[in-house]
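One structure is given here, and the rest of the page talks about it.
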Amino acid sequence: MVNAISCGARKLDLSCPRIMGVLNVTPDSFSDGGQFYRDGRVNTDALLDRAEQMLAEGADILDVGGESTRPGALAVSETEELDRVVTAVEALAQHCDTIISVDTSTPSVMREAARCGAGLLNDVRGFKRPDALQVAAETGLALCVMHMQGEPDTMQAAPTYTDVVHDVSEFLSQRLAEVTAFGIDPDRVIIDPGFGFGKTAQQNFELLARLGEVCSKEQPVLVGLSRKSMISSVLDRSPDQRTYASVALALMAVERGARIVRVHDVAATFDALSMWQTLSQSQRS
């Protein structure tokens, strides 16, 4: 198992679970849309305040997104995404001592994010767009390759699988082979099964229950379960009321082998993972 990931000039130690905090500079993301982007511009003061708060609460990575990929989301123009992401990454790189991840599928955004100080490229489309893999390789940054069935605007229409865990695992194995064949060192690659991306609630829970099968690979696994609609299939909660359930899901994922959890509620997740880590160390001693 890869125990550390090279993220540009930084190393991410994965000897214990790590927290990725979500910072969306979009008007329409399902949970935090409009908090840091409004009236056609990034609110850098609010963005930096939240970033510093997340780092103080225990975040190890900050994940910046300039295009909403919620179910039913429409694409934004390349120019708009570039403007949002570059503004945010430049501000974060100047003021925050941490790994900056960029949630994008757009090659030009990947290139500019690397130039501005990003350390990780997080692509929900698995670097499948034309030139995405080539540009990602050229940046020298770490990559997170995710599984998604369909596109954000259609992915929840009628997702079907022969066996969701097997199908997702096969995709990730195949994509990893293609990534490494492109000359990218496996020590730079994280995989993500893509909870909520082209999967029903039942499929999401089956994937979580059998997450250990995905985590049995050499590559570290990142999961994004925070505030997802699978929670509302069990509990009648709006996105901002899903903190407790999100923390529970993050713990379940870590117990099954996930090394990075992508979350909105950093402080609550950090406290829960600290208890889990202490218990795990006590059991080993």
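Every number here is computed from the coordinates shown, using simple stated rules; none is lab data. Note that the coordinates shown come from a computational prediction; the quantities given were computed from them, not determined experimentally. Positions of Cβ are backbone-derived with ideal geometry, glycine not excepted, and every protein chain shown enters the neighbour counts.
Principal semi-axes of the equivalent ellipsoid, √(5λ) from the alpha carbon gyration tensor of the range 178-285, are 24, 20, 12 Å from largest down. Summarising the amide proton neighbourhood of R18: residues at separation of 5 or more, or on other chains, whose placed amide H is nearer than 5 Å comprise I260, V261. A simple rule links phi to the HN-Hα coupling: the Karplus curve 6.51 cos²θ - 1.76 cosθ + 1.60 with θ = phi - 60°, which for the range 13-26 gives 6, 10, 5, 9, x, 10, 10, 9, x, 8, 10, 9, 9, 9 Hz, with x for Gly and Pro.
The amide H of N24, built 1.01 Å from its N in the peptide plane, has G65 as neighbours under 5 Å, considering only residues 5 or more places off or on other chains. Based on the reciprocal of the average 1/r between different C-alpha atoms, the Kirkwood radius for the range 62-180 equals 15.0 Å. For the chain, the C-alpha radius of gyration sits at 0.92 times the compact-globule guess of 2.2 N^0.38 Å, with N the residue count. Among P130, P107, P239, whose mean-square fluctuation peaks in a Gaussian network model of the chain (Cα, cutoff 10 Å)? Greatest mean-square fluctuation among the candidates belongs to P130. Nearest 0.05, what FRET efficiency do E255 and R41 give at R0 = 35 Å with Cβ-Cβ as r? After rounding, the FRET efficiency stands at 0.25.
Neighbour counts of C-beta atoms inside 10 Å place T243, T104 in the sequence T243, T104, starting with the fewest. Taking the average, over residues, of other Cβ atoms within 10 Å as the packing measure, peptides 43-54, 271-282 rank 43-54, 271-282 from highest down.
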